[in-house]
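The block underneath contains the structure these notes are about, expressed in C-alpha cells.
The values are calculated or read from the model by the stated rules, or taken from the named source; none is laboratory data. Quick caveat, the model's predicted, so the values are computed rather than measured. Using ideal geometry, Cβ is built from the backbone for each residue, glycine included, and neighbour counts are taken over all protein chains shown. These area figures cover heavy atoms from the full protein model, side chains too; ligands, DNA and RNA do not enter into them. Shrake-Rupley method; radii C 1.70, N 1.55, O 1.52, S 1.80 Å.
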Amino acid sequence: MSFMEYAAAPESTSILNIRPHYGLFINNEWVEGRGESFTSISPSTEAELFTVSEADGRDVDRAVTAARAAYDKVWSRMSGAERGKYLFRIARILQERAREFAVAETVDNGKPIKETRDVDVPLAAAWFFYYAGWADKLDHAGLGANPRSLGVAAQIIPWNFPLLMLAWKVAPALAAGNTVVLKPAETTPLTALMFAEVCQQAGLPAGVVNILPGKGSITGRALVEHAGVNKIAFTGSTSVGREIARSVAGSDTKLTLELGGKGANIVFDDAALDQAVEGIIQGIFFNQGHVCCAGSRLLVQENVHDEVLERLTRRLATLRLGDPLDKNTDIGAINSREQLETIHRIANTGEAEGAERWTLDCAIPDKGFWYAPTIFTNVAASNTIARDEIFGPVLSVLTFRTPAEAVTKANNSPYGLSAGIWTEKASRMLTVADQLRAGVIWANTFNKFDPASPFGGYKESGYGREGGRHGLAAYLAKGEGR
Ligand code: NAD
C-alpha cells in the first residue's frame, strides 16, 4: 500500500449551519426576493443544499436605495478609523469561523478543502485586515488630500473563488467609504449569504452591505442598469464584461473589469525543473483550472520539452481526484454541469486540430461533475485550445527555441492577465518580464496572491486594478479605473 492510500479523512459537514432557504440581505434584514427561487446543489454529489430567492429589478432598487441611505446618513460621515474598526471585526470573525467557511465553500463550489482551508478563507480574512489598515490612512494613498468615496458600489462576482472575490471587492469599497450591493454567482451563493451573517455579527450599520443572489440576466443586469449606482466592479467573462462596458458607456459610472485570461507559463532550459513542474501543476490544476490567471499555456524550451513532460506526468500520477472534503484530495469537482460541457466542447477540438491528448488515469466518481487533468502536446499557436479560455484542468503545451520566440508566443493572445517565468538567470527574468503584456507576472512561482499587490489585466482581460493601493483608488473619486 502506498502512502497515498490512507483511508479518507473527510472534513465533517456537521459544523455547517446551512439554512434550508435563504432570502436577500437588504438593510441588515433577510427579505424574500420577488424573482423565482432557485436551488443550489453541491457539484461533487449533485445533492440539493438549499433554496435561494432571486432579486428582481424592484429588489435591486430597494437594495440600492438602502445602500444610498446608509452612504448618505452613516458611512460617508464616519471617520476612517471607525470604518476600519468594522473591517477589522469582519476579518476576525472570518478567522473565527474559518473552518465553517472552508467547509461551506468546498460543499457549494466543489474545490478541495485543502484549498479553501489554506487559500480562499485565510486570504479573504487577509484582504479585510489589509484594507482595514488603509481606512484611516486614505490621505497617504497618494491620491491627494481627503480623497472622496464614490457612493454606491455594485459588485458582481464569479463562482471560482466566491468568498475571496467578495473580499477583493467589499473590503476596499468599504475602507474607501462606499456602500455595497453585491451579487454572487448563481451556482455559489452560500458564502456570500454567510458573509451577510458576518456583517450582522460585526454590527455593521444597516444598508452598508447588501447581498442579492440571482441570475446575471436578471439581477446582474438590473444592478448594472440602475441609475443610483456610482461604481460597478465586475469579475467574470469577457463577453459579459463587454456588455456591461457598453451599458455604462457615456455615463459617469466608474467601472472596473476583471475578465478572462490565457496565461503563459514559460519554462527555460536553465530552470530548476522540479520546481517548475510544481509551478506548472499549481498554475493549471489549482482549483481545477477555474482560475482567470491560470497558466493554461505551457511554453517550454524545445530542448527540455520531453524531460519536463516526463517529470510532469510522473508527478501528476501522484495527485488524487475525488471527494473535495477529503483532506488528501488535490483535484475537486467542476463547478457545474454547464462548465463541464464547456470544457468538453473546447478540449474536444484539441485532437481534431492535430494535438496529442494525455489524460490522468484516475477513477471518476459516479455522481457530480468531474474532468480528469488533461495535457495536450503538439499544440500550434493557432489551435482553439491555445487561444480560448477553457477554465478547466486542461493544459496546452507549446515549444520555443529563443527568449524572443517565447515572448512573441506568450503575447500572441487576445488576453493579457498573467504569466510565469522559470529561469535561474536574473537578467533573463527581468528582460522577458519587461516584454510580456500581462498584468501579473510571477517569477519562479505561480498563482500566488497578496492583498498589497495590484492585480488586473491588459487587453481583453479587462481594466482597472484590484489589490494594494491601486485597488483602493478604484473606489475613490480621484482613483484609477474608468
Ligand atoms: P460570467 O461572466 O458568466 O458571470 C460572472 C458574474 O456575472 C456572475 O455573477 C453572473 O451571474 C453575472 N452576470 C452574467 N451575465 C450578466 C449580465 N448580463 N449583467 C450583469 N451580470 C451578469 O462568468 P463566470 O462563468 O461566472 O466566471 C468565469 C469567468 O470569470 C472566466 O472568464 C474567468 O476568467 C473570469 N474571472 C476573472 C477574474 C479576474 O480577476 N480577472 C477572476 C475570476 C474569474
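Brief remarks on what is shown
- Qualifying residue in region 407-419 (condition: of a type in the set (Val, Ile, Thr) and in contact with an Asp or Glu (Cβ under 9 Å, 6 or more places away or on another chain)): no
- Residue match in region 173-196 (condition: surrounded by fewer than 20 Cβ atoms within 10 Å (Cβ to Cβ), more than 9 Å from the ligand (Cβ to nearest atom) and not basic (Lys, Arg)): no
- Only listed residue being more than 13 Å from the ligand (Cβ to nearest atom) and without any contact (Cβ under 8 Å) to a residue 24 or more places away in the chain, chosen from 269, 252: 252
- Extreme residue, nearest to the ligand (Cβ to nearest atom), among residues of region 280-298 that are buried (at least 24 other Cβ atoms within 10 Å of the Cβ) and either more than 15 Å from the chain's Cα centre (by Cα) or not assigned by TED's automatic domain parsing to the domain that holds residue 433 (or both): 296
- Some residue of region 397-404 being open to solvent by less than 40 Å² (accessible area, probe 1.4 Å) and assigned to a loop (DSSP other than H, G, I, E, B): no
- Checked against (1) assigned to a helix (DSSP H, G or I); (2) touching a strand residue (DSSP E or B) at 6+ places or on another chain (Cβ under 7 Å), residue 55 passes all but a single condition, namely (1).
- Residue under evaluation residue 252, criteria (1) in a loop (DSSP other than H, G, I, E, B); (2) open to solvent by less than 20 Å² (accessible area, probe 1.4 Å), criterion not met: (2)
Here is a yes/no grid of residues against (1) free of Cβ contacts under 8 Å to residues at least 40 places away in the same chain; (2) surrounded by fewer than 16 Cβ atoms within 10 Å (Cβ to Cβ):
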{"position": "11", "(1), (2)": "no, no"}
{"position": "29", "(1), (2)": "no, yes"}
{"position": "42", "(1), (2)": "no, no"}
{"position": "54", "(1), (2)": "no, no"}
{"position": "86", "(1), (2)": "no, no"}
{"position": "89", "(1), (2)": "no, no"}
{"position": "96", "(1), (2)": "yes, yes"}
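- For region 197-227, filtered to residues that are away from the ligand (no atom under 16 Å from the Cβ) and open to solvent by 10 Å² or more (accessible area, probe 1.4 Å), the residue that is nearest to residue 101 (Cα to Cα) is 197.
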